[in-house]
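**Q** I'd like to ask you about the structure that follows.
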Amino acid sequence: MSAILAVDPGLTRCGYAVLDGDKPLDFGHFTSAAGDDPAHRVGQIAASLNALVEEHKPALIALERVFANSNLKSVMGVAQISGALMATAFAKEIPVEFFTPSEVKAAVTGNGRADKQQVAFMVAKQLGLPEIPGPADVADALAVALCAQRRSQSFSTPARQKWVAAQKKAKPRIG
């Protein structure tokens with residue numbers, strides 16, 4: 001199996017995780033200062049994500065789908081980082097898949113309504129980490145990577161792809 005780069009996109013703090021099978025190769029987060037020029041902030045995080053792509057050469061990039069809540073500024077930052085990463089993926093011909101927060105929670109905990117602490121606990125347990133990774137954006141990125149391993153349309157065998165498609169059709173809110 002090849003590596004998956006998963007990202008919990010954000011402009012202030014962007015979590016990332018690189019998994020190869022159940023082995024975490026790299027995980028952490030990038031930050032940018034709220035007072036800096038937005039173009040500089042997006043460019044700085046995009047350059048850091050590009051460096052990860054160059055280093056690990058992932059076979060898939062997985063992103064948490066933007067959750068449109070009332071904080072438009074937050075949603076815009078998530079969208080800007082997602083767009084920058086999608087441009088890198090396009091240039092490198094790496095497939096990109098999106099997973100909803102509830103789909104990620106269900107894949108990791110079995111419960112699409114699990115809270116952040118439950119997800120972080122299960123991430124640490126499933127990956128054999130000595131402690132829960134922090135900040136929360138890092139645990140979220142690891143959860144997205146685990147979800148991509150289990151539910152990816154493009155990163156699995158043909159039989160698994162059919163099973164995932166049937167599962168999503170049966171539960172249309174998942175994908």
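The numbers here are math on the coordinates, done by the rules we state, and not lab data. The structure presented is a predicted model; accordingly, all values stated were derived computationally and were not measured. Positions of Cβ are backbone-derived with ideal geometry, glycine not excepted, and every protein chain shown enters the neighbour counts.
**Q** For segment 16-113, state the semi-axes of the equivalent ellipsoid (square roots of 5 times the eigenvalues of the alpha-carbon gyration tensor), sorted largest first and rounded to whole angstrom.
**A** 22, 20, 12
**Q** If you add up the charges near residue 18, with Lys and Arg at +1 and Asp and Glu at -1, over every other residue whose beta carbon is less than 9 angstrom from its beta carbon, what do you get? Before the final figure, lay out the partial values.
**A** Working: positive: none; negative: 20, 26, 55.
Net of charged neighbours comes to -3.
**Q** Per residue, how much space in cubic angstrom lies within the convex hull of the C-alpha atoms of segment 4-170?
**A** So the per-residue hull volume is 115 Å³.
**Q** Anything in the chain that counts as a DSSP H helix reaching 24 Å or more along its axis (C-alpha) with Kyte-Doolittle mean of at least -0.5? List them, would you?
**A** Taking the DSSP H segments of the chain (at least 24 Å long, mean hydropathy at least -0.5), we get 38-56, 72-92.
**Q** Distance from the Cα centre of segment 119-158 to that of segment 7-24, in angstrom?
**A** Answer, in whole Å: 9.
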